[in-house]
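First the structure, in the form of structure tokens, and then the observations on it.
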Amino acid sequence: MIYIASKRKSAKTLAREFPNAIIVDVTSSSTSEYVKLSPFYPHGGIPVPNSEGITASCVEAVWQGLKVFETTDIDTSLFSNTTMRNIKRTVRKYGRPLGHRFGVKSDTLLGYVDARKAIYIPTFQWILEHKVIDLVKKLADIASRQNLVLLDYDTNEDIERVDKPLSHASIIKLYIESNFTFKKHIPTNLFDYE
């Protein structure tokens, strides 16, 4: 089994809640090779959805760069950020978010759930398949033998839940549990934007 747990929990609490499990930190603060599973990790060359020929450094740069606020539009400068810092664009600075633009030159503005389905998840899937498939296979092997806990700062696994950020660890979990055939095992409307 694969579980998602909060990175903020103590090692003692995690050991009590998940006895005999392998615990893997997949956040940007991980000190292991699994840091490459963080949406902030700068793999480079990540295609920006619906933006032919445009790439970004990391998944989070795509997500934040295509976000549109009431006071500002998209920010493609984020696509080249390789620092794993200063990528988030906040309500405090830019005002209320209006949605995500479905591509750099698109006029289509997607709501939060649709943006997760058309931008965030496909972009994250791309790095799973093209940048870190070896790590995904290692995690799948561990999960086939014993319980595996993926640590993330966000633990929301529900794509439709908008009051909490979606856990990127939940996408890793779903991908592994779907036996690397993501498209066939998730809600059919997830890829309507392809």
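Each reported figure results from applying straightforward, stated rules to the coordinates on display, with no laboratory input. Because the structure is predicted, anything quoted here is derived from the model rather than measured. Cβ atoms come from the backbone with ideal geometry, glycine included; neighbour counts cover every protein chain shown.
Given their separation in residues at 0.36 nm each and the Cα-Cα distance between them, Lys36 and Gln146 gain 37.4 nm when the chain is fully extended. Here the spin labels are modelled as points 7 Å beyond Cα on the Cα-Cβ line, and at Val162 and Ser178 they lie 2.3 nm apart.
FRET efficiency for the Glu129 to Thr72 pair, using the beta carbon distance and R₀ = 30 Å, is estimated at 0.40. Between Lys12 and Glu52, the C-beta separation translates, for a Förster distance of 45 Å, into a calculated FRET efficiency of about 0.35.
The convex hull of the Cα atoms of the range 80-137, projected and averaged over all directions, covers 5.6 nm². The dipole here belongs to the range 46-111: it is taken about the Cα centre, uses +1 on the Cβ of Lys and Arg and -1 on the Cβ of Asp and Glu, and is about 320 debye. The order of His130, His43, His100, going from fewest to most other C-beta atoms within 10 Å of their C-beta, is His130, His43, His100. Ranked for footprinting exposure by Cβ neighbours inside 10 Å, fewest first, Ser178, Ser77 give Ser77, Ser178. Dipole magnitude for the chain: computed about the Cα centre from +1 point charges on Lys and Arg Cβ and -1 point charges on Asp and Glu Cβ, it is near 580 debye. How many percent of all Cα-Cα pairs in the chain sit more than 19 Å apart? Summing the P(r) of the chain above 19 Å gives 60 percent of all pairs. Helices in the chain, meaning DSSP H runs of at least 4 residues, each add -39500 (n - 2.57). Divided by all residues, the mean residue ellipticity at 222 nm is -7500 deg cm²/dmol.
Computed from the C-alpha gyration tensor, the three semi-axes of the ellipsoid equivalent to the range 46-111 are 18, 16, 8 Å, from longest to shortest.
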